[in-house]
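Before any comments, here is the structure.
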Amino acid sequence: MEPKYKRILLKVSGEALAGDKKTGLNYDVITDICKSIKKVVDAGVQVAVVVGGGNFWRGRSSGAMDRTRADHIGMLATAMNALALADVLESLGCDTRVQTAINMSQVAEPYIRNRAVRHLDKGRVVIFGCGTGNPFFSTDTAASLRAAEINADIFLKATLVDGVYDKDPHKFDDAKKYSTLTFSKVIGEELGVMDSTAAAMCRDNKMKMLVFDLSRPDNIYDAVMGKDVGTVVYED
Ligand code: UDP
């Protein structure tokens, strides 16, 4: 079977790397995610990844700390996740490069768009750390930005729910799952899929996004093969 997409941008939240404890790194969980990424690479698909940092730190919930400083810490947390992901991918035989939006030249490459694309063309998994490099943004916004920059065919947003619902499925039994919807609706109805900056980036750049559940890691592979595993969000 032929993959549906040639180049993908996968967003993995920090929480998804933490397993049940919701904090720190769970190597069993990360290994399962990386195995699915490797299957996708072996199928000939170019894979770029943006990682979150919520398993270590979230700027907006850091209490009294100055927001800019708290966000700097948050971005450094994403760099730790990027390195952990690279390590596990490499142990599985995947070639990887970590590029960060905040320079840390002893640790990772700086983010350079053309260089990232060249790595992708060579079959390397490129992991983007430090979000956009700016406070007051999220890694979802970084993912929509990088997806547009590298001309990804799709933005795969891995979450812990199996798609987008009209209301919170954990609180309401009658919540209905969308199979498709537009970014305009996500923004207009404040559906809480992602922050509005990230949604507006996707809407304005007509980036297609698939929201799917990463508690079954092989959904990454299934999504790339075109199986119906979540909710497709798009803009005409
Ligand atoms: N962050 C930031 N700018 C960015 C991306 C992230 O300042 O462009 C900071 C922010 O403090 C955020 C933290 O990094 O709370 C972790 O990112 P995020 O909350 O998006 O991670 P996730 O929820 O996906 O794990």
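The values are calculated or read from the model by the stated rules, or taken from the named source; none is laboratory data. Quantities reported herein were computed from a predicted structural model and do not represent experimental measurements. Here Cβ is always computed from backbone atoms with ideal geometry, including for glycine, and neighbour counts include all displayed protein chains. The area values use the complete protein model at the heavy-atom level, side chains included, leaving out ligands, DNA and RNA. Shrake-Rupley method; radii C 1.70, N 1.55, O 1.52, S 1.80 Å.
Going through V186, V164 one at a time, which residue ends up being open to solvent by less than 50 Å² (accessible area, probe 1.4 Å), touching a Phe, Trp or Tyr at 6+ places or on another chain (Cβ under 9 Å) and of a type in the set (A, V, I, L, M)?
The conditions single out V164.
Specify the residue that is farthest from the chain's Cα centre (by Cα); the eligible residues are those in the stretch 9-21 that are under 15 Å from T78 (Cα atoms) and outside any strand (DSSP E or B).
A18
So is A77 within 16 Å of the ligand (Cβ to nearest atom) and either out of contact with any helix residue (DSSP H, G or I) (no Cβ under 8 Å at 6 or more places or on another chain) or of a type in the set (G, A, S) (or both) or not?
yes
Return yes when V98 is open to solvent by less than 10 Å² (accessible area, probe 1.4 Å) and either of a type in the set (K, R) or at negative phi (or both) and no when it is not.
When the stated conditions are applied, V98 does not pass them.
Considering T68, T31, T78, which residue is surrounded by 23 or more Cβ atoms within 10 Å (Cβ to Cβ) and among the polar types (S, T, N, Q)?
Only one candidate qualifies: T78.
Here are some residues: G63, G74, G44, G54. Which one is part of a loop (DSSP other than H, G, I, E, B), within 16 Å of the chain's Cα centre (by Cα) and not hydroxyl-bearing (S, T, Y)?
G54
Assess whether G59 counts as being among the small types (G, A, S) and within 11 Å of the ligand (Cβ to nearest atom).
yes
When both residues are 6+ apart or on different chains and their Cβ atoms are under 7 Å apart, which pairs have a first residue that lies in the stretch 66-90 and is within 21 Å of C34 (Cα to Cα), and a second that is within 10 Å of the ligand (Cβ to nearest atom) and of a type in the set (V, I, T)?
Partner pairs satisfying both residue conditions: T78/V51; T78/T139; N81/V51; A82/V51; L85/V51.
Just give me the residues in the stretch 1-28 being open to solvent by less than 70 Å² (accessible area, probe 1.4 Å), free of Cβ contacts under 8 Å to residues at least 40 places away in the same chain and among the β-branched types (V, I, T), in sequence order.
none
Looking at the stretch 29-45, I want the residues that are more than 14 Å from A84 (Cα to Cα) and have a partner that is among the charged types (D, E, K, R) with Cβ atoms under 6 Å, at least 6 apart or on another chain. Which pairs are those?
Final answer for the pair search is S36/D218.
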